[in-house]
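Chemist: What follows is a structure written as structure tokens; I'll ask about it next.
The values are calculated or read from the model by the stated rules, or taken from the named source; none is laboratory data. Predicted, not measured: the structure shown is a model, and the values here were computed from it. Using ideal geometry, Cβ is built from the backbone for each residue, glycine included, and neighbour counts are taken over all protein chains shown.
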Amino acid sequence: MSLSCIIVDDEYLAIKVLEEYAGSLQSLKVVKTFTDSRQAVAFIQEQPVDLLLLDIQMPYLTGFDLVKELPPQTMVIFTTARHDYAVQAYELDVLDYLVKPVSKDRFEKAVQKAVEYHQYRKVWHEQKNATRNFLMIKSDYRIIKVLFDDIEYIEGLSEYVKIYTREKVFTTLAALKSLETELPAGKFIRIHKSYIVAFSSIKHFNSRSVQLNNGNDLPVGRMYKESFMLKMKSTS
């Protein structure tokens, strides 16, 4: 298991050092680097990652500002030349705070902390979801209980999601990524930035699309294709 990671720093040399450190670890995969924090935010909104290695002092959006734009489950390790921001950083619940120049040993300890926290959180969610067989959502001015077994697929629409069941479609204010953490991994799979599908609803599939039992066809996103195909092969 490796954590997906992006590096955000306005200093090119600092990025190269962190990339070199990360490249020596099997537990970390750098998917992108940014010198512009605004571009980083736009990327994360389209492709969430597990971990950010994030500088604090940057133009346009500071590291503190950027953290406030992140999905709540994203882990953050600050990398900065400033010692005096540590208290403010930890108030944002960041995982660690590395002061430049960052040693390789200190970097590896911070990444290991992220790996352990990620594993703990995964187990906690699995145990939590194993004892629950429903979602509670707010829709049509009511609180509604939706059974996992009734859900065919879920569609993300900016700030809203649509939950398609056998009988009805529910619309609720939520982020698809946040809702994904509430679903049991053994029953659902993310196939696209906009779609989560119940395994039981899948009739046919290939690397480009999924056909549901109800006849609907949904696309498989490029970023999700590999994990989707591996998961489907392992369950077949």
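Chemist: Condition check: polar (S, T, N, Q), within 24 Å of L70 (Cα to Cα), in contact (Cβ under 8 Å) with a residue 60 or more places away in the chain and out of contact with any Phe, Trp or Tyr (no Cβ under 6 Å at 6 or more places or on another chain). Does S178 satisfy that?
Modeler: yes
Chemist: Can you tell me which residue within the stretch 15-63, out of those that are in a strand (DSSP E or B) and either hydrophobic (A, V, I, L, M, F, W, C) or assigned by TED's automatic domain parsing to the domain that holds Y224 (or both), is farthest from the chain's Cα centre (by Cα)?
Modeler: If we take residues in the stretch 15-63 being in a strand (DSSP E or B) and either hydrophobic (A, V, I, L, M, F, W, C) or assigned by TED's automatic domain parsing to the domain that holds Y224 (or both), then F34 is farthest from the chain's Cα centre (by Cα).
Chemist: A further question on this structure: Starting from the stretch 106-120, take each residue that is touching a residue at least 60 places away in the same chain (Cβ under 8 Å) and list its partners that are assigned to a helix (DSSP H, G or I), counting only C-beta distances under 7 angstrom and pairs at least six apart or across chains.
Modeler: F107/Y21
Chemist: Which of (1) at positive phi; (2) touching a helix residue (DSSP H, G or I) at 6+ places or on another chain (Cβ under 9 Å); (3) charged (D, E, K, R) does E182 not meet, given it meets every other one?
Modeler: Unmet for E182, out of (1) at positive phi; (2) touching a helix residue (DSSP H, G or I) at 6+ places or on another chain (Cβ under 9 Å); (3) charged (D, E, K, R): (1).
Chemist: Does any residue of the stretch 95-105 turn out to be in a helix (DSSP H, G or I), at pLDDT 80 or above, basic (K, R) and assigned by TED's automatic domain parsing to the domain that holds E20? Lay out the reasoning, then the answer.
Modeler: At the first step, the residues of the stretch 95-105 found to be in a helix (DSSP H, G or I) are 104-105.
Adding the requirement that they be at pLDDT 80 or above leaves 104-105.
From what's left, basic (K, R): 104.
When the remaining residues are screened for being assigned by TED's automatic domain parsing to the domain that holds E20, the result is 104.
Within the stretch 95-105 (the criterion being in a helix (DSSP H, G or I), at pLDDT 80 or above, basic (K, R) and assigned by TED's automatic domain parsing to the domain that holds E20), the answer is yes, since at least one residue qualifies.
Chemist: Please give the number of the condition V210 fails out of (1) surrounded by 14 or more Cβ atoms within 10 Å (Cβ to Cβ); (2) modelled with pLDDT of 85 or more; (3) not in a strand (DSSP E or B).
Modeler: The number of the failed condition is (3).
Chemist: Right, here's the next one. If you check every pair at least six apart or on different chains, which have Cβ atoms under 8 Å apart with a residue in the stretch 73-91 that is under 26 Å from K16 (Cβ atoms) and assigned by TED's automatic domain parsing to the domain that holds Q47 first and a residue that is at pLDDT 90 or above and of a type in the set (D, E) second?
Modeler: Taking only residues 6 or more apart or on different chains, the pairs are T74/D50; M75/D50; I77/D96; F78/D55; F78/D96; T79/D9; T79/D55; T80/D55.
Chemist: Restricting to the stretch 1-14, name every residue that is part of a helix (DSSP H, G or I) and within 13 Å of the chain's Cα centre (by Cα).
Modeler: Of everything in the stretch 1-14, nothing turns out to be part of a helix (DSSP H, G or I) and within 13 Å of the chain's Cα centre (by Cα).
Chemist: Right, another one. Just checking, how many residues over the stretch 1-32 are closer than 19 Å to A81 by Cα and surrounded by fewer than 18 Cβ atoms within 10 Å (Cβ to Cβ)?
Modeler: Looking only at that region, the number is 7.
Chemist: Only one residue in V169, V197, V111 is outside the structural domain of Q26 (by TED's automatic domain parsing), surrounded by 18 or more Cβ atoms within 10 Å (Cβ to Cβ), modelled with pLDDT of 85 or more and not hydroxyl-bearing (S, T, Y). Which one?
Modeler: Answer to the check: V197.
Chemist: Scan the stretch 89-99 for residues that are surrounded by 14 or more Cβ atoms within 10 Å (Cβ to Cβ) and not aromatic (F, W, Y) and jot them down.
Modeler: Within the stretch 89-99, A89, V94, L95, D96, L98, V99 qualify.
Chemist: Looking only at residues that are within 16 Å of D96 (Cβ to Cβ) and in contact with a Gly (Cβ under 9 Å, 6 or more places away or on another chain) in the stretch 53-73, which one is surrounded by the fewest Cβ atoms within 10 Å (Cβ to Cβ)?
Modeler: Ranking the qualifying residues of the stretch 53-73, first place goes to I56.
Chemist: Within the bounds of the stretch 103-124, is there any residue that is more than 17 Å from the chain's Cα centre (by Cα) and farther than 30 Å from I15 by Cβ?
Modeler: No; the residues of the stretch 103-124 include none that is more than 17 Å from the chain's Cα centre (by Cα) and farther than 30 Å from I15 by Cβ.
Chemist: Could you say whether any residue in the stretch 132-142 is in a strand (DSSP E or B) and under 23 Å from Q45 (Cα atoms)?
Modeler: Scanning the stretch 132-142, I find at least one residue that is in a strand (DSSP E or B) and under 23 Å from Q45 (Cα atoms), so the answer is yes.
Chemist: Still on this structure, I have one more. Does any residue of the stretch 72-92 turn out to be of a type in the set (V, I, T), outside any loop (DSSP other than H, G, I, E, B) and closer than 30 Å to A198 by Cα?
Modeler: Residues of the stretch 72-92 that are of a type in the set (V, I, T), as a first pass: 74, 76-77, 79-80, 87.
Still in the running and outside any loop (DSSP other than H, G, I, E, B): 76-77, 79-80, 87.
Still in the list and also closer than 30 Å to A198 by Cα: none.
So far as the stretch 72-92 goes, no, none of its residues is of a type in the set (V, I, T), outside any loop (DSSP other than H, G, I, E, B) and closer than 30 Å to A198 by Cα.
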